[in-house]
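Data block below; observations after.
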Amino acid sequence: MTSDALLDALQLPASARVDKRVAKSLLTEHGAPTAADKRLILDGIDEVRWVATCRPNTVAVAEFHDGERDYIEIAVLAVTLRREARISRLVELVHRAVPHPVLLVCDGAGVRLSVAHKRKALNELDKVVLDGDVVEVAWPDPAGGVRDSQLELAFLGSLALARQPAQSLLGVVQGWVAVLWAMQAARLTGELRLPATQSAAAERVALLAECRRLDAEVARLRADGQRERQLSRMVEINMEIQRLQAATLAAVGRL
């Protein structure tokens, strides 16, 4: 997977393209709450490029407004990271820095595609904050992974702007979020399936969280088992691991 493949898969109209380099200082001014975060941005990012802006007049999709959100545009950004960067924190900081929803492609330490919802801050209505977690799919360096698998091709085919719900910009963001969650699930099931409803999408998110929790518990028990010297306790740990693995398989089956 490459960053160019991800951007091409979006099939954004020429009217939405910006293709303009952005100064890192804009990120430090708006997305870095601490001096340490500013240093992370300055030291960890090589380049920020504003690829496109999705507005009603550029993509023919209506704005969305309610009491919590004002989606007047979606920013598509491409960021080149340095290999020593703290990637997860930098991705979050970039999403925080822009007062609109962002679809972010990161390159330089593998390839990552992420998106996040935004909402008005509860106590400061003139500010915008992340609404939930940043949803992300990551790939290792191209030389270290399988290229052009059927799963990746299906994922790329699901990213096109025209395939997202077009009732409003909120629908577009929800569509991209659902595609990323679907890819996370597909890495466990081997099949990319998009949810038919928002409730199905929410159930999938909960199941993925349960799978991560179970995997973490299995890893903890295995570490305990390596340190354990009492045979009876080792047997108990192995039985608990088997129980958790069965629960994981059941959760994956519901994805």
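The values are calculated or read from the model by the stated rules, or taken from the named source; none is laboratory data. Quick caveat: nothing in here was measured; it's all calculated off a predicted structure. So basically every Cβ, Gly included, is an ideal-geometry build from the backbone, and we count neighbours across all protein chains shown. All accessible areas refer to the heavy atoms of the entire protein, side chains included, with ligands and DNA or RNA removed. Shrake-Rupley method; radii C 1.70, N 1.55, O 1.52, S 1.80 Å.
Key figures
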{"quantity": "Qualifying GluC sites (Glu not before Pro) in the range 185-225, DSSP loop, other Cβ atoms within 10 Å at most 15", "calculated": "Glu191"}
{"quantity": "Nearest-10 value in Å² for the accessible area of Asp126, using the 1.4 Å probe", "calculated": "130"}
{"quantity": "With every protein chain in place, the range 10-63: carbon and sulfur % of accessible area (1.4 Å)", "calculated": "51"}
{"quantity": "Placed amide H near Asp131: partners under 5 Å, 5+ positions off or other chain", "calculated": "His117, Lys118, Arg119"}
{"quantity": "Mean Cα-pair separation over length for the range 27-173, i.e. relative contact order, pairs under 8 Å, 6 or more apart, %", "calculated": "22"}
{"quantity": "Proximal aspartates and glutamates to Lys20, defined as alpha-carbon separation beneath 18 angstrom and excluding residues fewer than eight positions away on the same chain", "calculated": "Asp4, Asp8, Asp46, Glu47, Glu73, Asp107"}
{"quantity": "Entry for percent of Cα pairs over 21 Å apart (calculated from the structure that is shown) out of [x] 59; [y] 68; [z] 64", "calculated": "[z]"}
{"quantity": "Centroid-to-centroid separation of the range 154-184 and the range 83-124 [C-alpha atoms, Å]", "calculated": "17"}
{"quantity": "Whole-number accessible area per residue in Å² for the range 110-210, which is evaluated in the context of all protein chains at 1.4 Å", "calculated": "49"}
{"quantity": "Cα gyration tensor category, rounded, prolate or oblate, for the range 30-143 with a/c compared to 1.5", "calculated": "oblate"}
{"quantity": "Peptides ranked, highest mean first, by Cβ atoms within 10 Å: ranges 228-238, 49-59", "calculated": "49-59, 228-238"}
{"quantity": "Amide H within-cut-off set for Val18, under 5 Å, with H built and near neighbours excluded", "calculated": "Ala52, Thr53"}
{"quantity": "Under-5 Å amide H pairs with Leu81, H placed in peptide plane, nonlocal only", "calculated": "Asp46, Asp107, Gly108, Ala109"}
{"quantity": "Carbon/sulfur fraction of accessible area - the range 67-204, other protein chains in place, 1.4 Å, %", "calculated": "50"}
{"quantity": "Three-way shape call for the range 20-66 based on the alpha-carbon gyration tensor, with the a/c threshold at 1.5", "calculated": "oblate"}
{"quantity": "Residue of Arg119, Arg220, Arg69 that the Gaussian network model of the chain assigns the largest fluctuation, springs spanning Cα pairs under 10 Å", "calculated": "Arg220"}
{"quantity": "Phi to ³J(HN,Hα) by Karplus 6.51 cos²θ - 1.76 cosθ + 1.60 over the range 222-230, Hz, x for Gly, Pro", "calculated": "4, 5, 4, x, 5, 8, 6, 10, 8"}
{"quantity": "Rounded to whole Hz, the Karplus (6.51, -1.76, 1.60) HN-Hα couplings of the range 44-49, x for glycine and proline", "calculated": "x, 10, 8, 8, 10, 10"}
